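*Asks:* I'd like to ask you about the structure that follows.
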Amino acid sequence: MPGHARATLNDRRASNGELRYLGERLTEALCDVLRIAQSRCGRSPRAGSPG
């Protein structure tokens, strides 16, 4: 997806619909990353693992 996102953003012919769709997918991906990060912060570290 990162390559496709970058290519779409660099394409001056990309339509508003394509850019909106891309923005929605990227927003969903960022929400997933945030949810996972928050979930991991709530866990206690395992014995022997860094951090």
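The values are calculated or read from the model by the stated rules, or taken from the named source; none is laboratory data. None of these values were measured; they are calculated from a predicted model. Please note: Cβ atoms are built from the backbone with ideal geometry, for glycine as well, and neighbour counts cover all protein chains shown. Accessible surface areas use protein heavy atoms only, side chains included; no ligands, DNA or RNA. Shrake-Rupley method; radii C 1.70, N 1.55, O 1.52, S 1.80 Å.
*Asks:* Output the qualifying pairs, or none if there are none: Cβ atoms under 9 angstrom, residues six or more apart or on different chains, first residue in the range 13-36 and part of a helix (DSSP H, G or I), second residue open to solvent by 70 Å² or more (accessible area, probe 1.4 Å).
*Replies:* Final answer for the pair search is L19/L9; L22/H4; L22/L9; R25/M1; L26/M1; A29/M1.
*Asks:* Still on this model: If I filter the range 9-26 for residues that are under 18 Å from the mean Cα position of the chain (by Cα), modelled with pLDDT under 95 and open to solvent by 70 Å² or more (accessible area, probe 1.4 Å), do I get at least one hit?
*Replies:* Taking every residue of the range 9-26 in turn, at least one turns out to be under 18 Å from the mean Cα position of the chain (by Cα), modelled with pLDDT under 95 and open to solvent by 70 Å² or more (accessible area, probe 1.4 Å).
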